[in-house]
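Chemist: Below is a structure I'd like to ask you about.
The values are calculated or read from the model by the stated rules, or taken from the named source; none is laboratory data. The structure displayed is predicted, hence computed values, not measured ones. Positions of Cβ are backbone-derived with ideal geometry, glycine not excepted, and every protein chain shown enters the neighbour counts. Surface accessibility is based on the protein's heavy atoms, side chains included, excluding ligands, DNA and RNA. Shrake-Rupley method; radii C 1.70, N 1.55, O 1.52, S 1.80 Å.
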Amino acid sequence: MIKYIPYLDWLESQYELMYQSLFEVCDINSGSFNIEGIGKVQKYLEKLAKPLNGTISEIKQKPMQVVNSRGRIERINLGNTLIIKKRPEAKLQILLGGHMDTVFPVDSPFQKTEHLENNVVKGPGVADLKGGLILMFKALEVLERSPWAESIGWEVVLNPDEEIGSPGSAEILKACAKRNDLGMIYEPAFPDGNLASDRKGSGNFTVVCRGKAVHAGREFHNGRNAIRAISDFIQLIDDLNGQMDDVTINPGYIQGGGAVNIVPDLAIHKFNVRIARPEDESWVLDRLKSAVSKINKKDGINLELHGHFNRKPKIITDSNQFLFDVVQDCGTDLGMNLSYRPTGGCCDGNNLASAGLPNIDNIGVRGDNIHSDEEFMYPESLVERAKLSALILMKLAYGEIKWNHKRGL
Ligand SMILES: [Zn+2]
């Protein structure tokens, strides 16, 4: 352990810089659909990565398909994925990842980063996960300053669309997972510093229901009410809750109708499904399809189902358990008592794991209240967590941790 200490101690001198970067990068709005803002964050991060001397490239992503308010499919452009690589020829390859987007759109009232009296920093993305990116770059800087860096290679992958389920970057992540041996993702740790183990899988679906519009007074009986039909559908799928352990269906959005003297001919419903096991996917899909065909039997009603499971459940494999143990041991060396617990939330760690990459996915800052305008992080966790990542990287590079797990296991 003693040989790593001077390199880890250097991080103390970097606190002010990290703290300043946190404010600068979080004050740039980068809601998932703010391509310009995401581009600015990307440039900012490229600047932070300069001392690492890696090879920088960007990948243009496929547009995202959404169902618009008229029930038609629309394509929405997204930002680019930023990739920074070093020593791709080394035997051991480590993926370090995160996202550049936040859940706060350009017109959100939550735009400013501030230091509160109780010594927390509040701001959009401070925990989820721009704070994590800042410490990730510093941890890599520690590795590069150490004498052992040459024996491992790394690849930083930063996508612009994680908060909307990574629709454009999913394929890129899959390819990255295949060429690396293990992954470290900088989602925030739980507020007590602990880490996530199993994660549920998730799917987002949209149902478009079309009926027939007529005047509600003159020929009501000739109309086909799309709102009634979609309500019947919602009831069918909501009744699936409780039928299978850890599978939940959340009807989350409904739109339809207009003037109340017209029988509505269009209604749209969006819902989210969470599953715990890969096989739950087909259980859910079969039941969704039969609910759709049941409603479609009604005269003059047409229901269309869009969407899919974009994140598979993250199941902890032996390789992943080995990685968890490594992180826990490094934590112990640094005086942190880290433990793991499962969560219903999902992230790109799910995508990478389903492509065969063992990964730890919330090794970023300590913080809480993410996805709300009360999001905060503990600034002292910048150095604390940078040390954790740096120690893992140095131990892997030195060979103190032997990573014998084959790719894709
Ligand atoms: Zn996140």
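Chemist: At 0.36 nm per residue, minus the direct Cα-Cα distance, what do TYR398 and GLU150 gain on full extension? Give it in nm, one decimal, please.
Modeler: 88.3 nm
Chemist: Still on this structure, please answer the following. Summing Lys, Arg as +1 and Asp, Glu as -1, what charge do residues with Cβ under 14 Å from the Cβ of ILE234 carry, ILE234 excluded?
Modeler: Its environment carries a net charge of +1.
Chemist: Can I ask one more? At a 1.4 Å probe radius, carbon and sulfur cover how many percent of the accessible area of the range 248-388?
Modeler: Heavy-atom surface of the range 248-388 belonging to carbon and sulfur, 1.4 Å probe: 50 percent.
Chemist: Which lysines does LYS91 reach when only Cα atoms under 18 Å apart count, and residues fewer than 8 places away in its own chain are ignored?
Modeler: The reachable lysines, counting only those whose Cα sits under 18 Å from LYS91, are LYS178, LYS395, LYS402, LYS406.
Chemist: What trypsin sites (Lys or Arg not before Pro) does the range 212-253 have in DSSP loop regions with at most 14 other beta carbons within 10 Å?
Modeler: Loop-located and lightly packed - ARG218.
Chemist: Take a quick pass over the range 201-311 and tell me how many lysine pairs come in under 17 angstrom between Cα atoms, counting only ones 8 or more apart or on separate chains.
Modeler: Close lysine pairs under the 17 Å cut-off: 5.
Chemist: Right, next: In Å², what does the accessible area per residue of the range 338-409 work out to with a 1.4 Å probe?
Modeler: On a per-residue basis, the range 338-409 sits at 35 Å².
Chemist: For the chain, what does the relative contact order come out to in percent, with C-alpha contacts under 8 Å and a separation of six or more?
Modeler: The normalised contact order for the chain reaches 23 percent.
Chemist: If the cut-off is a Cα-Cα distance under 17 Å, which aspartates and glutamates reach LYS200, setting aside same-chain residues fewer than 8 apart in sequence?
Modeler: Within the straight-line cut-off, LYS200 pairs with GLU162, GLU163, GLU187, ASP245, ASP246, GLU279, ASP280, GLU281, ASP348, ASP361.
Chemist: Where the only charges are on Cβ atoms (+1 Lys, Arg; -1 Asp, Glu), what is the dipole of the range 201-311 about its Cα centre, to the nearest 20 debye?
Modeler: It works out to roughly 420 debye.
Chemist: Can you pick out the pairs among LYS112/LYS314; LYS62/LYS314; LYS60/LYS387 whose Cα atoms lie more than 28 Å from each other?
Modeler: LYS112/LYS314; LYS60/LYS387
Chemist: Using Cα-Cα distances under 8 Å and only pairs 6 or more residues apart, what relative contact order does the range 1-141 have, in percent?
Modeler: Relative contact order, the range 1-141: 30 percent.
Chemist: Let me ask another. Taking loop as defined by DSSP and a crowding limit of 11 other beta carbons within 10 Å, which GluC sites (Glu not before Pro) in the range 309-393 fit?
Modeler: In loop regions of the range 309-393 (DSSP not H, G, I, E or B), the sparsely surrounded GluC sites (Glu not before Pro) are GLU374.
Chemist: Can you grab the distance from the C-alpha centre of the range 223-258 to the C-alpha centre of the range 188-219, Å, no decimals?
Modeler: 10
Chemist: Let me ask another. I'd like the trypsin sites (Lys or Arg not before Pro) in the range 106-162 restricted to DSSP loop residues with at most 15 other Cβ atoms within 10 Å, sorted by number.
Modeler: LYS112
Chemist: I would also like to ask the following. What's the local net charge at ASN350, with K and R +1, D and E -1, over the other residues with C-beta under 9 Å away?
Modeler: +3
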